[in-house]
């Protein structure tokens, strides 16, 4: 039997306190980043969808930030924000913005103009029109953006190990340093499982917020 197996249940049991702490760290950072990113992305997407001359600037800026390699971005942020959680959080929020903005803009652009015109004819103001007509109809695009941003954020958090806060990435890095296969595989499997669970939860949230989809499927 290999003395350095690819997976070891004994390793999981013996190191569960450390593993669970890294998993909680990874999960909370991911959720916080996606929530902050969504709060920033939603008004920007609304502006991009409704003010044409701002669309290129908003999406273009988000695209440029997205193209910066993660290691380089964290290296830029570390001298400004210090080592630890803050630069990782800021970095992953930056990467999440483009995905959420693009999908939200696409969702808003896909709203039936006749529905919007009918709501205006009924006297809907700008805010009421956005929240009660445009957003409900754009939800499929919004949820898709959230799901993609969440899955990519789970992966990107691991890179935060370069500035001392990588969640499960800490286990991966330590495993690669010592070539301890069980540590590397355990952290990798937990990352995949975390991404799948969060994606499934967002899918279920999207279904719950769009009851008309269930009505159509039954019909």
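Table for the structure above
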| quantity | calculated |
| --- | --- |
| The stretch 173-187 residues that are more than 13 Å from residue 158 (Cα to Cα), paired with ones that are at pLDDT 85 or above and not in a helix (DSSP H, G or I) (beta carbon under 9 Å, 6 or more apart) | 183/15; 186/15 |
| Residue match in the stretch 117-130 (condition: surrounded by 15 or more Cβ atoms within 10 Å (Cβ to Cβ) and within 24 Å of residue 188 (Cβ to Cβ)) | no |
| Given (1) more than 17 Å from the chain's Cα centre (by Cα); (2) loosely packed, with under 13 Cβ neighbours inside 10 Å, number of the condition residue 49 does not satisfy | (2) |
| Filtered residues of the stretch 1-30 (kept if part of a helix (DSSP H, G or I) and in contact (Cβ under 8 Å) with a residue 12 or more places away in the chain) | 11, 12, 18, 19, 22, 23, 25, 26, 27, 29, 30 |
| Elements of type helices (runs of 4 or more DSSP H) contained in the stretch 56-150, each with 2 or more residues being in contact with a helix residue (DSSP H, G or I) (Cβ under 8 Å, 6 or more places away or on another chain), in contact (Cβ under 8 Å) with a residue 24 or more places away in the chain and more than 25 Å from residue 162 (Cα to Cα) | 85-109 |
| Residue within the stretch 199-213 that is touching a helix residue (DSSP H, G or I) at 6+ places or on another chain (Cβ under 6 Å), at pLDDT 85 or above, part of a helix (DSSP H, G or I) and more than 24 Å from residue 119 (Cα to Cα) present | yes |
| Selected residue (only one of 179, 173 is on the phi > 0 side of the Ramachandran plot, surrounded by fewer than 20 Cβ atoms within 10 Å (Cβ to Cβ) and over 21 Å from the mean Cα position of the chain (by Cα)) | 179 |
| Residue satisfying condition, being modelled with pLDDT of 85 or more, farther than 21 Å from residue 170 by Cβ and surrounded by 22 or more Cβ atoms within 10 Å (Cβ to Cβ), within set 146, 108 | 146 |
| Residue within the stretch 186-194 that is crowded, with 17+ Cβ neighbours inside 10 Å, at pLDDT below 85 and farther than 23 Å from residue 60 by Cα present | no |
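The values are calculated or read from the model by the stated rules, or taken from the named source; none is laboratory data. Here the structure is a predicted model, which is why all the values come from computation and not from measurement. Heads up, the Cβs are rebuilt from the backbone with ideal geometry, glycines too, and the neighbour counts pull from every protein chain shown.
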